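Every number in this text was worked out from the coordinates using simple rules, so none of it is lab data. All values derive from a computational prediction rather than experimental measurement. Every residue, glycine as well, gets a Cβ built from its backbone with ideal geometry; the counts of neighbours run over all protein chains shown.
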């Protein structure tokens with residue numbers, strides 16, 4: 001039998017764990033790490049340093065990718081449910097999400113607080129990027145982080161461990177997934193997407209107009225991207241039949257969408273066309289990258305279902321990329337304070353800007369990867385049900 005015939009008669013790749021999604025998550029987390037590493041030092045970092053800093057400037061836009069991937073992954077089990085409901089009901093769903101997300105999150109919070117208590121000098125401004133995280137131990141900062149509402153205020157948003165704001169945003173979106181599924185069962189996908197974007201954009205713009213930019217910065221508009229990820233999962237698990245020109249041709253045309261989204265964001269950052277016309281720039285660019293991510297997920301799912309080892313799948317399913325994906329949450333949680341502490345230590349030793357920049361990039365990034373691996377082994381691995389990277393690699397064709 002030819003590959004096409006076999007693929008047409010087998011279960012679509014989206015019906016179970018998809019290794020390429022793990023790889024995509026891993027590469028996105030690595031880019032965020034490079035983004036924060038290169039932001040630690042500005043000034044005299046050399047031409048190559050400035051080029052690297054510019055290339056890594058767009059770390060924020062990994063967040064819409066993570067949100068779309070989250071909606072996609074959480075929807076995949078629902079697609080196998082005959083009634084389109086969450087397995088075990090809302091309470092069990094929320095318990096699974098809490099067990100998966102909260103223990104590593106609280107462990108990371110406890111780790112950062114412990115370091116600050118052991119080294120009190122880190123609680124004082126030092127003229128580095130870490131100053132944005134201070135005061136890190138103020139009661140409002142600590143309590144808001146424990147309650148996962150620190151994304152509601154600019155006074156808490158970037159404190160303690162800056163990247164953690166998106167964990168709070170995603171946690172809050174989890175509570176709305178049952179509502180999105182209810183809308184889908186009653187009125188269909190069009191209203192799900194419409195509801196997600198209208199409510200999300202409405203809250204974002206409403207808070208901005210009302211003069212509450214902190215809540216707008218927390219990303220209510222990500223609700224629409226989460227819904228888009230859910231829709232992508234629904235489409236991805238539909239049977240793919242070779243020769244059916246409609247869906248097959250459409251998905252193949254989606255492949256360049258991520259590249260288009262990246263180029264669009266880069267150009268807009270340079271020209272500020274939207275911002276100059278009073279349009280909230282970030283929420284538009286988040287949506288562009290989110291849509292591009294959904295397109296890429298669909299393309300990968302179709303290629304995997306057809307048994308086609310296209311370039312993007314070969315890259316995303318490399319064993320080392322999969323290993324990176326398996327610990328991506330740990331890496332995301334702990335990397336930024338590590339760079340900040342390293343920078344402060346080198347500044348105390350009197351090292352110059354260029355030396356500090358390259359030591360963070362060349363030594364700090366590998367060190368962060370190693371510590372994240374240890375954090376994953378000791379903490380996160382106990383609360384995840386995803387296959388280990390080595391097992392996934394062996395299972396790949």
Item to check | Stretch gain in nm, segment residue 115-residue 146, where the contour uses 0.36 nm per residue and the Cα spacing is subtracted | outcome: 9.4 nm
Checklist entry - Do you know the relative contact order of segment 297-393, to the nearest whole percent, from alpha carbon pairs under 8 angstrom that are 6+ apart? => result 42 percent
Checklist entry - Using the C-alpha atoms of the chain, what convex hull volume per residue, in cubic angstrom, is computed? => result 152 Å³
Checklist outcome for this item: Note: residue 309 to residue 90 extended length (0.36 nm per residue) minus current alpha-carbon separation gives 75.1 nm
Checklist outcome for this item: In nm, the gap between the two label points placed 7 Å beyond Cα toward Cβ at residue 54 and residue 190 is 4.6 nm
Next on the checklist: Once you place label points 7 Å from the Cα toward the Cβ at residue 209 and residue 259, how far apart are they in nm?
Outcome noted: 4.0 nm
Checklist entry - Separation between the residue 345 and residue 377 pseudo-spin-labels, each 7 Å from Cα along Cα→Cβ, expressed in nm? => result 1.9 nm
Item to check | Helix-only [θ]222 nm of the chain, DSSP H runs n ≥ 4, -39500 (n - 2.57) each, per residue, nearest 500 | outcome: -21500 deg cm²/dmol
Checklist entry - What order, most packed first, do the peptides 98-106, 335-343 have when packing is the mean number of other Cβ atoms within 10 Å of each residue? => result 335-343, 98-106
Next on the checklist: Roughly how far apart, in whole Å, are the Cα centres of segment 308-361 and segment 152-198?
Outcome noted: 27 Å
Item to check | Cβ-derived FRET efficiency at R0 35 Å, residue 270 paired with residue 353, nearest 0.05 | outcome: 0.90
Next on the checklist: Among 129-136, 232-239, 45-52, 70-77, how do they line up by average Cβ neighbours within 10 Å per residue, starting with the highest?
Outcome noted: 70-77, 232-239, 129-136, 45-52
Checklist entry - Say we join alpha carbon atoms closer than 10 Å with springs in a Gaussian network model of the chain; which of 180, 378, 289 then has the biggest fluctuation? => result 378
